[in-house]
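The structure appears right after this line, and notes come after that.
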Amino acid sequence: MLLTSTRVDDEQPGWSEVRPVPEQVTRSGWQRPSIYDVAKAAGVSHMTVSRVLNGHSNIRESTRERVLKAIEETNYTRNSIARALATRRAMRIGVLVDSPVQHGPNSTLRALESAARDVGYSVSSFSIDDDTSKVDTGVVELVTQGCEALCVIAPRESSLDLLRRRSTGLPTLLIKAEPEPGMHTLAVDQRLGARLAVDHLLSLGHRTVHHLAGPQDWYDARGRVQGWQEALTDAGVAPPDPVAGDWTSDRGYEVAVGGELDGATAVFASNDQMALGVVHGLVERGVRVPEDVSVVGFDDLPDSGHFLPPLTTVRQDFAALGALALRRVIAAIEDADVAQHEVIGPDLVVRASTAAPA
C-alpha cells in the first residue's frame, strides 16, 4: 500500500495528514476503472454490467450496447485474477509451438494470442526448436501454470512423436496439416494450396511444373508435395522429381544457380523465401522471370508483393486459423463436440512472377 499526503480543504493551506491510497492507484495517480465505474457511466447496476460481460442472453440489446459503450469510454478491462476466482477457471490456454522462428508457426501463434485476447483468455506459450526433447518439459510447464487446454503447433513429425507418447490430461488440439488418430487437428489445406499453384501455371500453358520442396519432416511440406503431384497427375502429366529444399532463400538461390531447375519453364517453391532465392539465382544467370521461367511461392509473406517481380503465391489465412482454433479449444474445454479434422482453404494471389511460356 502506498502512502501519500493529502490536503484538507477546510484547513489552512499546507500538508495536514497522511492517508493511505488504495492499492489500485498507481504511482502516477491513475486508478484502474472498476465495474462500478462502468455501471455509473451506463446508468445500470454493476450486476447488469457483469451479466453483459458474461454473455447472458436475458439483457435488452439497448442496455447491452449502452454497457459496451461505457466499457469503451472508461477503458475498462476485466481483471483476470478476479475473474478466475469468481469462475474457478484459469481462463488460460497453453500453446506448445515448434520452430517458432518460421513464418507459419509464428503467424499461427500470434493469431491464437489475438483471438484469445478478444474473448478474455490468456495464452502461455512454450517454444521448442531443434531440441525436441523439450516437448515433455514444455507440456509439464504449461500444465503446472494451470492451463485449461493445450494447443500444439506441430509442424514437424519429430516434435509430435514425443507428444504421442505422453498423456497431457488436458483437452488438446493439434495445428497439423494431416489428421492424427485420437486427436483433434486443424490446419490450412496445404494440398489444396499446392493444387491452386500448379493449376494456375498449367492454365497459363506450361506443360509441367517443377517443385522445390520443403523439408519432408514437415507436414506442410509433405502436403504441398502431395498436392503438386495430384494436380499434375490429374492433368495427365508425370510429375518430375522434386528438388529438396530447406525453407531458406539461400537454398532457392543455390538450386537456381546450380542448374537443378534447368529446362523448367515453371517452378512452384514450397515457400516464399525459397521462391525469392530462385528468382535471384535465375536472374543472376540471365534467365528472365516470368518471361523465361514463371515462379510461384507459398505463404504470401508481408513483403511478397514487393519482390522483383512481385511474387505470385498462395496465401494462408492465419487470422482465421487462430480464431477457429480458439473456438475449438474452448469447445473442448466445455465438453462440446469437436470435429476430428478440419481445414481452412487457402487463396491464390496472382502477381507478376507468372506468365505464359515464351
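With respect to Arg207, is the statement that it is over 19 Å from the mean Cα position of the chain (by Cα), within 22 Å of Glu342 (Cβ to Cβ) and open to solvent by 40 Å² or more (accessible area, probe 1.4 Å) true?
For Arg207, the condition - over 19 Å from the mean Cα position of the chain (by Cα), within 22 Å of Glu342 (Cβ to Cβ) and open to solvent by 40 Å² or more (accessible area, probe 1.4 Å) - is not met.
One line per residue, one yes/no per condition, for (1) under 19 Å from the mean Cα position of the chain (by Cα); (2) over 17 Å from Ala332 (Cα atoms):
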residue: Ser114; (1), (2): yes, yes
residue: Asp136; (1), (2): no, yes
residue: Pro155; (1), (2): yes, yes
residue: Leu163; (1), (2): no, yes
residue: Leu174; (1), (2): yes, no
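Restricting the range 38-47 to residues that are in a helix (DSSP H, G or I) and modelled with pLDDT of 90 or more, which is surrounded by the most Cβ atoms within 10 Å (Cβ to Cβ)?
The residue in question is Ala42.
Conditions first: (1) in contact (Cβ under 8 Å) with a residue 12 or more places away in the chain; (2) farther than 19 Å from Ala269 by Cβ; (3) more than 27 Å from the chain's Cα centre (by Cα). Pro179 passes all but one, so which condition is the exception?
(3)
List pairs: first residue in the range 291-305 and within 18 Å of Asp246 (Cβ to Cβ), second residue modelled with pLDDT under 95 and open to solvent by 30 Å² or more (accessible area, probe 1.4 Å) anywhere in the structure, Cβ distance under 7 angstrom, at least six positions apart or on different chains.
That search, which allows pairs on different chains as well, returns Asp299/His103; Leu301/His103.
Could you tell me which of the residues Thr265, Thr233, Thr312 is farther than 30 Å from Glu157 by Cα and either polar (S, T, N, Q) or modelled with pLDDT under 95 (or both)?
After ruling out the rest, the residue left standing is Thr265.
Please state which of the following conditions Glu141 fails to meet, knowing it meets all the rest: (1) touching a strand residue (DSSP E or B) at 6+ places or on another chain (Cβ under 7 Å); (2) modelled with pLDDT under 85; (3) surrounded by fewer than 19 Cβ atoms within 10 Å (Cβ to Cβ); (4) not β-branched (Val, Ile, Thr).
Result: Glu141 fails condition (2) only.
The values are calculated or read from the model by the stated rules, or taken from the named source; none is laboratory data. Quantities reported herein were computed from a predicted structural model and do not represent experimental measurements. Cβ: placed from backbone, ideal geometry, glycine included. Neighbour counts: every protein chain shown. Keep in mind that these areas ignore ligands, DNA and RNA; they rest on the heavy atoms of the full protein, side chains included. Shrake-Rupley method; radii C 1.70, N 1.55, O 1.52, S 1.80 Å.
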